[in-house]
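Some notes on the structure that comes next.
The values are calculated or read from the model by the stated rules, or taken from the named source; none is laboratory data. Small disclaimer: the values here were computed from a predicted structure and weren't measured. No Cβ is skipped: glycine too gets one built from the backbone with ideal geometry, and neighbour counts run over all protein chains shown.
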Amino acid sequence: MLSNFTWTVRVYYEDTDAGGVVFYANYLKFFERARTEWLRSAGINQQLMTETHGVMFVVKSTAVDYHAPAKLDNELKLTVVVERMGRASVQFIQEAWRINGEQRELLATGRIKVGCVDTQNFRPSQIPSQVMDSIKTLELRAPD
């Protein structure tokens, strides 16, 4: 379970379906939260990026494979790894793991691509150099 960043969440009732299992689309919410916290750990404030540079990140594509169900009250560890960086996009591999003491079980694997767009016309825009430098610095750090 190597990762450049991990974020822990608890499964709440609102995350589950009638059977007490995490609703499949909620993994995308979990992954989004982990990416947001990953950016924060690099000192990147997305609102400030929008105000200062006139750009924002938007999700371009997602693909998720589900391996096992998460259930109410499970503690999940979410991972964020940059698979590829372009001038205007970042592709991530993210995983959701159930943590139970020393036991870990892979629940879902996602490939998420985000693009940087101009806030005025929503056209692709180059990632600001300060943001790119911060992301690259994060990638050079040892895994958590």
Matching residues, the range 96-123, being over 21 Å from Val82 (Cα atoms), in contact (Cβ under 8 Å) with a residue 40 or more places away in the chain and surrounded by 13 or more Cβ atoms within 10 Å (Cβ to Cβ): Ile99, Asp118, Thr119
Residue check for Leu39: part of a helix (DSSP H, G or I), modelled with pLDDT under 95 and surrounded by 15 or more Cβ atoms within 10 Å (Cβ to Cβ): yes
Residues that are over 18 Å from Val58 (Cβ atoms) and either loosely packed, with under 15 Cβ neighbours inside 10 Å or at pLDDT below 95 (or both), drawn from the range 22-36: Phe23, Tyr24
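The rows are residues; the columns are (1) of a type in the set (Val, Ile, Thr); (2) within 23 Å of Arg87 (Cβ to Cβ).
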position: Asn45; (1), (2): no, yes
position: Phe57; (1), (2): no, yes
position: Thr62; (1), (2): yes, yes
position: Ala68; (1), (2): no, no
All positions within the range 22-41 that are more than 15 Å from the chain's Cα centre (by Cα), over 24 Å from Glu102 (Cβ atoms) and in contact (Cβ under 8 Å) with a residue 40 or more places away in the chain: Tyr24
Selected residue (criterion: nearest to Phe57 (Cα to Cα)) from residues of the range 95-132 that are hydroxyl-bearing (Ser, Thr, Tyr) and either part of a strand (DSSP E or B) or at pLDDT below 95 (or both): Ser129
Single unsatisfied condition, Val90 versus (1) in a strand (DSSP E or B); (2) of a type outside the set (D, E, K, R); (3) closer than 28 Å to Tyr12 by Cα; (4) free of Cβ contacts under 8 Å to residues at least 60 places away in the same chain: (3)
The range 1-21, residues that are assigned to a strand (DSSP E or B) and surrounded by 12 or more Cβ atoms within 10 Å (Cβ to Cβ): Phe5, Thr6, Trp7, Thr8, Val9, Thr16, Val21
Selection from the range 41-78 of residues that are closer than 28 Å to Phe122 by Cα and polar (S, T, N, Q): Ser41, Asn45, Gln46, Gln47, Thr50, Thr52, Ser61, Thr62
Residue satisfying condition, being part of a strand (DSSP E or B), under 14 Å from the mean Cα position of the chain (by Cα) and surrounded by 15 or more Cβ atoms within 10 Å (Cβ to Cβ), within set Val59, Val82: Val82
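Yes or no: the range 65-72 includes at least one residue that is over 22 Å from Ser129 (Cα atoms), surrounded by fewer than 20 Cβ atoms within 10 Å (Cβ to Cβ) and in contact with a Lys or Arg (Cβ under 6 Å, 6 or more places away or on another chain).
no
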Residue among Arg35, Arg87 that is within 22 Å of Gln126 (Cβ to Cβ) and in contact with a helix residue (DSSP H, G or I) (Cβ under 9 Å, 6 or more places away or on another chain): Arg87
